[in-house]
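Below is one structure; the comments refer to it alone.
The values are calculated or read from the model by the stated rules, or taken from the named source; none is laboratory data. From a predicted model like this one, the values you see are computed outputs, not experimental measurements. Quick reminder, even Gly has a Cβ in these numbers, built from the backbone with ideal geometry, and neighbours come from all protein chains shown. Heads up: the accessible areas ignore ligands, DNA and RNA and are worked out on the full protein's heavy atoms, side chains in. Shrake-Rupley method; radii C 1.70, N 1.55, O 1.52, S 1.80 Å.
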Amino acid sequence: MRLQFWAADTLRFSVTGPEPHRFLNRAAAAGVRLRHVRWQRDGYTATVSGADRRRLERIARDGGWTLAVTARRGPGRHAERLLQTRPGLAAGAVLFLLLVRALGGLVWCIDFGAMDPGLQPAMRRLLAECGIHEGVLLTKPLLQTAQAQALRRSEVFGWVSLNFTGGCLAIESTPSQTQTVREPPPRQGLYASADGEILAVEIESGFAAVTVGQTVARGQLLAAAERLDRKGNAVPQGAGGRVIARVQKHYTARQPLTTEAPVYTGRSSVQTTLYLPWRSYTDEPENPLTGVTQTDWLPVQLGRLALPASLCRVTTWEQLPDTVQYSEATAAALALRVCRAALLAEFPDAVIETEQREISAQEGAETAAVTYIFTANIAAPP
């Protein structure tokens, strides 16, 4: 059967037979648009779109007219010749268009734009948790859900927008700008959290009860929340601010020479999953391990060409409980670190001026006793 593509062409035809003007009326009633109509001795000629050829032939057959195509212009003849001589080329073009149509909704690549490279792995993991990676058929609800999750769960972005066009998921973002809004302080005073010598009084609200150079004891009032005016009426105002003092405090810590702790064995295992459109393949390790895991998402590329596929690589570093034997020097250093951590946990802004250390060994452990002299804010609510 010879393939014909008349619909792509413009046809010039002639009509002959009895009462040819009736053919024009029937063609108009059928919705056929005739152009360039020219009357002849036994009929007329006209131009029509190739898509109307079948209807004109049916009208001519039913009315007893003779219709003959006299000229044909357009790509239809070239397409017929191509299908007859190069069917594989035409089939490849049609297959390509079908694949573009079918695969246009897949994620081929993810463009992070101007996002900091250090934040891209975390963003990729967040998208993967929402079910978005290369090779996924992306829908509008899925895209909206991922954008809402990115805004809700990320503290580093002030604004995030996900735009999907032509197989590319583009991520636009701006860094967050934090502005601290202080609430009014409660109607209560500030008290000393440690003994010390006052070096600076920086009261922002309330009424200072101490002065620079004064020595205070733990629990002493530093700033009052109210004061009497000249008439004896109480003027309330919540106390807030800092009182910097020089403090001396003593901390002790004990570190055994032998302890049980999880340690790395040096072994690791890798589980790799290849995600393709509508399919996934997982390569499980022969001997799965337990320990610390790290998940990496990698796009699949053929040279510089992005493909709708991605690799999920889960690396596990084995950790097992074991007996750890510390040397005396190491145990002493760990005990000193515990003392320093306790100081900073109690006074985060502490500036150490001097420290006196005393290390003693007893019953299979090293004990550190450290006396710190430091400056810090000692004002705290009751």
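Taken along its three principal axes, the alpha carbon spread of segment 217-269 comes to 78, 33, 17 Å, from the longest extent down to the shortest. Peptide packing: for 138-150, 246-258, the average count of neighbouring Cβ atoms within 10 Å per residue gives the ranking 246-258, 138-150, highest mean first.
From largest to smallest, the equivalent ellipsoid semi-axes obtained for the chain from the alpha-carbon gyration tensor read 86, 35, 13 Å. Taking the charge dipole of segment 96-254 about its Cα centre, with +1 at Lys and Arg Cβ atoms and -1 at Asp and Glu Cβ atoms, the residue from 232, 110, 148 reaching farthest to the positive side is 232.
Projected label points at residue 267 and residue 58, each 7 Å from Cα along the beta carbon direction, are separated by 7.7 nanometres. Expressed as a whole percent, the accessible area of the chain that falls on carbon and sulfur atoms is 53 (1.4 Å probe).
Between 168, 264, 48, the Cα set farthest toward the positive side of the dipole of the chain (charges on each charged residue's Cβ, about the Cα centre) is that of 48. For residue 283 and residue 337, the difference between the fully extended length at 0.36 nm per residue and the C-alpha to C-alpha distance is 15.1 nm. Ordering 34-44, 123-133 by mean Cβ neighbour count within 10 Å, with the highest value first, yields 123-133, 34-44.
What segment 166-269 shows is 65 Å² of accessible area per residue, with the surface traced by a 1.4 Å probe over protein heavy atoms. Calculate the translational D of segment 242-382 in whole µm² s⁻¹ from Stokes-Einstein, where the hydrodynamic radius comes from the Kirkwood formula applied to all Cα pairs, the temperature is 4 °C and the viscosity 1.567 mPa s. Answer, rounded: 65 µm²/s. As a ratio to 2.2 N^0.38 Å, the alpha-carbon radius of gyration computed for segment 253-330 takes the value 1.70.
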